[in-house]
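So the structure is just underneath, and the comments pick up after that.
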Amino acid sequence: MDARAVLAAFKGRGMVGHLEALQRVADNNNGNRASGTSGYEDSARYVEDQLRAAGYTPVRQTFTYRRDDQTVETFNILADTAGSAENTVVVGGHLDSVQNGPGINDNGSGVAAVLETARWMKDAGIKPVNRVRFAFWAAEEDDLDGSGHYVNALSEDDIRRTALYLNVDMAASPNGVRSVHDGDGSDFGDDGPDGSKEIEDVFFRFFEENSLPAETTPFDGGSDYEPFLQAGIPGGGLFSGDVESKTDTQVQAYGGTAGRDLDPCYHEACDTLSNIDSALLQEMSGALAYVTAAYALAARN
Ligand code: PHE
Ligand code: ZN
Ligand code: ZN
């Protein structure tokens, strides 16, 4: 896989079109797309239609959980490629928003990256040796319930057959950065299971071959990779930043505004279509596609 060719391809792909669709969904549904609401249902239908049009067969995994003393019924969406189930590569991001905003950067951007990776695999004619399972999680914002349900429902054998998990939670932060999870804990101390360092390295290879600065971000338990890591499955992924202030060093690497939040609209009503950096989304989506393809095609045993 040629990292520069993948980036060039993603410069011409329609991630922002997915964000426009999710913004419309929020606009039509009281301004949000939270799990258990009509906005979540419409978000899901959009993703499922896109997957079907690309030749996938999306499946809903329904479950219930408790939120504010109420039982919420919701579902994850899963769609598989062909390839060996013995080394399944799970690639996901959360589809739900918080209840008080449309969630276009958090996490429409991750949804757009995962969906466009799925579509690109078909368009590019990539034939996975290892099965890729694209996952759109519910209820991340309510404590990782969707990914937690998925991992909980895996048998010991299913866990053994899950080669790794790649996550994208925020990939278009308007004052953002390119960050990759610190697989071996060399920068932040919290390491993932064996194999997580290699995932980090493959992401960095994409950015280095494209002369794009990137940095690491810790596994702090704050997104859907956490249940996978807890089950001993190697993990990694991308994050463009939320409530941290941009440092002078980060401004030198990425541009933007020092002292301002990486995403000033994190979890707010202003996380709209105006709250995204579309060039950053192209780069992050290309990185996800590159790493997904690398693992889809890797010989493993
Ligand atoms: N990072 C998550 C999000 O905003 C929120 C979260 C933080 C979830 C900590 C679990 C633990 O999408
Ligand atoms: Zn969030
Ligand atoms: Zn999120």
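Read-outs throughout are calculated quantities, based only on the coordinates presented, and are distinct from any laboratory measurement. In this text the structure is predicted, and so the values were computed from the model without any measurement. With ideal geometry, Cβ positions are generated from the backbone for all residues, glycine too; neighbour counts draw on all protein chains shown.
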Which three semi-axes in whole Å describe the equivalent ellipsoid of segment 132-211, each the square root of 5 times a Cα gyration tensor eigenvalue, listed largest first? 24, 18, 13
Please list 3J(HN,Hα) in residue order for segment 64-79, calculated via the Karplus relation 6.51 cos²θ - 1.76 cosθ + 1.60 where θ = phi - 60°; whole Hz, with x for glycine and proline. 10, 8, 9, 9, 6, 6, 10, 8, 10, 9, 8, 7, 8, 10, 10, 9
Rounded to the nearest 5, what % of DSSP beta bridges with both residues in the chain are antiparallel? 45 percent
Let me see the P(r) profile for segment 47-110: every Cα-Cα distance counted, bins of 10 Å, each bin given as a percent of all pairs. 17, 39, 34, 10, 0
Quick one: which residues, 5 or more positions from Asp182 or on another chain, have an amide H under 5 Å from its amide H? H modelled 1.01 Å from N in the peptide plane, none for Pro or chain starts. Thr217, Phe219
For segment 3-297, with only Lys/Arg (+1) and Asp/Glu (-1) charged at the beta-carbon, what is the dipole magnitude about the Cα centre, in debye rounded to 20? 1360 debye
Expected output is a single nm value to one decimal: the length gained when fully extending between Thr62 and Ala299, i.e. 0.36 nm times separation in residues minus the C-alpha distance. What is it? 82.0 nm
In nm², the average projected area of the convex hull spanned by the Cα atoms of segment 115-269 is 10.3 nm²
Net charge dipole size for segment 180-244 [Lys, Arg +1 and Asp, Glu -1 on Cβ; Debye, nearest 20]: 180 debye
Ordered by residue, what ³J(HN,Hα) values in Hz, to whole numbers, does segment 168-183 give under the Karplus form 6.51 cos²θ - 1.76 cosθ + 1.60, where θ = phi - 60° and Gly and Pro are x? 10, 10, 5, 9, 9, 3, x, 10, x, 9, 9, 10, 10, 5, 7, x
What's the FRET efficiency of Glu41 with Thr249 using the Cβ-Cβ distance as r and R₀ = 30 Å, to the nearest 0.05? 0.10
How long is the gain from Asp220 to Cys270 if the chain were fully straight, where each residue apart is worth 0.36 nm and the alpha carbon distance is subtracted? 15.5 nm
Amide H neighbours of Asp271 under 5 Å, counting only residues 5+ apart in sequence or on other chains, H built in-plane at 1.01 Å? Gly103
Have a look at Ala294, Gly83, Val151 and report the one farthest towards the positive end of the charge dipole of the chain, computed about the Cα centre with Cβ charges (Lys/Arg +1, Asp/Glu -1). Gly83
Debye equation applied to the C-alpha atoms of segment 3-297, log10 I(q)/I(0) at 0.07 Å⁻¹: -0.22
Just to be sure I understand the rule: take each whole DSSP H helix in the chain, project its Cα atoms onto its long axis, keep it if the span is 27 Å or more and its mean Kyte-Doolittle hydropathy is at least 0.0. Which ones pass? 278-297
